[in-house]
Every structure is written in structure tokens, then in C-alpha cells.
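Scroll down for the structure; my scribbles are underneath it.
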Amino acid sequence: MLIRNVDVEGHGPMVDVRIENGRIAEIGPGLPGPGDVDGRGGALLPGLHDHHVHLAALAAETASVRVGPAEVRDRTALAAALMSGPAGEWVRAVGYHESVAGELDRWELDSLAPDRPVRVQHRTGALWVWNSAALRAAGLEGDGRFWREDERLRGFVPPVRLDLEGVGRRAAALGVTGFTNADPHPASGLTQMLSALPQRLLVMGVDEPVKLMLDDPTLPTPAQLARVIGEIRPRPVAVHCVTRVQLLVTLLALDEVGPVDGDRIEHGSVIPAETIPWLRRLGVTVVTQPHFPVERGEAYATDVDADDRPHLYRCRTLTEAGIPLAAGTDAPYGTADPWAVMRAATRRDDGEQLQPGAALRLFTGEPQHPARTRRLTVGAVADLCLLHVPLREALRTLSGELVRAAYVSGLPITPA
């Protein structure tokens, strides 16, 4: 395939790009041969890679009711949402936050939706709450609150229709050519199921790195975590760190066992200033979500300890310190649009804002080395994103509406 008249960073004002056997074979002006695609002056970029996403949960959204603060404002609206489906059928509700109607348990859900099995997922993805009808249907007991028990609960719920075709199509329309699935305990057969997606795929735990979940109530000591990491070596790890203490335990453990190329901190929700030189010395990559302070600013103002608020989802201070940085949407627990994440990263009002080019690079890294920016050079894999406009103009808006086509190994996954 020969793509003519495109703006490729580092290759002059306008060039052609030839693709052979899934790789870039030539880049230059006026390449011989008939053109297959006229880029019309648009930018040709490395395809975007979402470095932290939960694909099965994202694919289940079309079979779910959204009950987050953006969709329901109070208890009455929550009850209406939970009762919106056919009577007697299981209701899968997602995105809940306590600002809607306080903390939920089985009895509170019974008062809202008594005549059907209901399960509600907290927007963090860590907690499910079931009502009595759901517990009875599954033969379970208790208060209906299940913390990080997805693996156990899978066998108790009816199958959920996963709209993988829709996930792949919508992502391709945004120029996404690759995903890193970040589930801590990937279900059996997950990789095969996700292979239906047209995007390139890395599944943590199956591929490298290995995902490690940390929760404060069950937090290991640094020595215990070091032993776990040591058993995984030489494979790199991606450690889930959403609190100050989780980050400190991880850094102490990595100090003890020693870092390896590819180690990652997932989220880096709270990174105190005094840990930044430590992170730099270890050389670990931080894969963060710069949009969360924008999407959740109102809730963070009350939910997050005042001492932690200045340290949330750092970007600029990390890049200035030379710490490798990349981003993932964390969809469906955040927006699935990487361009919206980029815009948020440039509009932070807390001193952590990035320049547009740096925000774009959050999603153009190598899958296993997210902060190592991919370049369009001869020999590179032809995972590409073609825009309607030149790069300079695209950086002014950082909008998914500018995407014209996406290619994986030189093959279109969206119409050109």
C-alpha cells in the first residue's frame, strides 16, 4: 500500500509512505507507483495504544445500566434506573458512586429494586453490591457487598452479552490500534475471546508484565511483596498503586528485589513529591490516568484526604524529573476516548498539565515499554492513525473527530 501526501513528524512537510508485509518500507516525497490512499495533507501518526483498559468490562457496558453521578443524581433516579429493565431479569448496573445515594448493601438495594436480581458495581470496579433477589438466585448469603471477588462471582451470574465488535469499531474510529488489558486475574480463555478485536493486544498476566493488585486492608509488607516479585522474575511487574502506602510498599519492595526493564506503576494515583527521585532511580514507568482529576474533581474534593490532593495523578512533575510516563483510559472506569484523556492532561489546573505533544505521546508508546515513543521509520510495524489535518492543527484540538482511518500491520481497520 502507498499512502501519499501525509504529514509525518521528522520527515519534512509532506511525504509518501509505502507499506509492505505489514511494515513501513519507504518514506519520502514522490515515491514511484500508484497511490492507494491520498492523505490530503493529514498527519500520519503511530496508532494509539491504550496502555491500561479492562476490555471485557468495557464490552459488557452495552448490556449494563449506567448509574454514575453523570447519569443519576439521587435515590429516586437510581431506583428508576434499576427498574428500567424487564421484570425478573438480572440488572447489571455500573459506575456507581456514593454521592448518588450513599453506601449500598443488599437491604438498601432491596428498597430500590425488590422484584428482580440486581448487582451494582462501584465506579472503581473493586466492589459489587447485590440485592437479596440476586443472592437468592445464586445461593449466596451475607450483606451483598463483594470486594474484589469478580473471579468467584463469575460462576453465579447469567452470561452477559459482550459487545466486542462495538468496542473494536469505536476504538478504531478514534485511531486506537492496540490495547493493554489490565485485569489482575484474567479469566480462562480471555485472550482467545479478545482476539476478535481488530486491534493489537497485550494481556497482562498472559503476556508481560504481570499485574499485581494491592489493597490497603490486605497490604503485604515490603519484604512479602519483594518475595512475590522475586518469584515472578525475570518477568516485569505492573503494580496497582492507588494510595500513598501502596506506592511506598512497592518502591521498598522494588528496592529490595531490584527493578527490571518493563516494571510499571499502574495509576500512580498518589505520588508524594519526596518519592519522585526514588521513582527516577528505580527507572519504573508510571502508567497514569490524567483525566481522573478532571472527571472526578468534585468527588475528589471531599473523598480524598487533603494531604493527598496535591499529589494526584502527576504528569508534568514526573516528565520534568525524567520519569517514564504513559497513560491508559482505565475504561470502562473512565472514558474510553484517549483524545479526551489527552485534552484533560493539557487542561489540568493543578500544575500537572502537559503540552499537547507530550499528551499525545502518552498513547503512542510501545505496548511493553509504554513510555518509549514509537516513530514512523523504515522497518517499523505499520500500526497507523491517519488524521484529516496536519499534526500542528491536530495538537490544537486533540479531538478524535480528526481521525480519518486506522491501520494494523498496514491493513485498514476503519474505512479510509
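Since every read-out is calculated from the coordinates, none of them should be taken as a lab result. Because the structure is a prediction, the values reported are computed rather than measured. Glycine also receives a Cβ, built like all others from the backbone with ideal geometry; neighbour counts cover every protein chain displayed.
Dipole check for segment 41-194: with +1 at the C-beta of Lys and Arg, -1 at the C-beta of Asp and Glu, and the Cα centre as origin, the magnitude is about 260 Debye.
Positive end of the dipole of the chain (Cβ unit charges, origin at the Cα centre): among ILE323, GLY47, GLY365, the Cα lying farthest that way belongs to GLY47. This model, with +1 at the C-beta of Lys and Arg and -1 at the C-beta of Asp and Glu, gives segment 65-156 a dipole about its Cα centre of some 240 debye. Mind giving me the FRET efficiency for GLN224 and GLN368? R0 is 30 Å, r the Cβ-Cβ distance, nearest 0.05 is fine. About 0.70, to the nearest 0.05.
Considering only LEU162, ALA382, VAL210, the residue lying farthest towards the positive end of the dipole of the chain is ALA382, judged by Cα position with unit charges set on Cβ.
Charges were assigned to the Cβ only: +1 to each Lys and Arg, -1 to each Asp and Glu. The resulting dipole of the chain about its Cα centre is roughly 780 debye.
Exposure proxy shown here: for GLU266, GLU71, GLU231, the number of other Cβ atoms within 10 Å sets the order, fewest to most, as GLU231, GLU71, GLU266. Taking the fewest neighbouring Cβ atoms within 10 Å as the starting point, the ordered list for ILE265, ILE27 is ILE27, ILE265. When the Cα positions of GLN121, LEU225, GLY351 are compared along the charge dipole of the chain, GLY351 comes out farthest toward the positive end, with charges on each C-beta of Lys, Arg, Asp and Glu.
Rounded to the nearest 500, the helix-only mean residue ellipticity at 222 nm of the chain stands at -7000 deg cm²/dmol, with each DSSP H run of n ≥ 4 adding -39,500 (n - 2.57). Largest mean-square fluctuation among ASP215, ASP36, ASP207, in a Gaussian network model of the chain whose springs join Cα atoms under 10 Å apart, belongs to ASP36.
I'd like the distance separating the alpha-carbon centroids of segment 355-416 and segment 168-214, in whole Å. Each part's Cα centre sits 19 Å from the other's.
For the Cα trace of the chain, dividing Rg by the Kirkwood Rh returns an Rg/Rh value of 0.99. The calculated Kirkwood hydrodynamic radius for segment 65-156 is 12.8 Å, given to one decimal from all distinct C-alpha pairs. Within the set of other residues whose C-beta is less than 11 Å from the C-beta of ILE19, count the net charge using Lys and Arg as +1 and Asp and Glu as -1. Every neighbour counted, the sum reads -3.
Applying the Karplus relation 6.51 cos²θ - 1.76 cosθ + 1.60 with θ = phi - 60° to segment 357-367 yields 3J(HN,Hα) values of x, 5, 5, 4, 5, 4, 10, 10, x, 5, x Hz, where x marks Gly and Pro. Per-residue Cβ neighbour counts within 10 Å put ASP303, ASP150 in the sequence ASP303, ASP150, beginning with the fewest.
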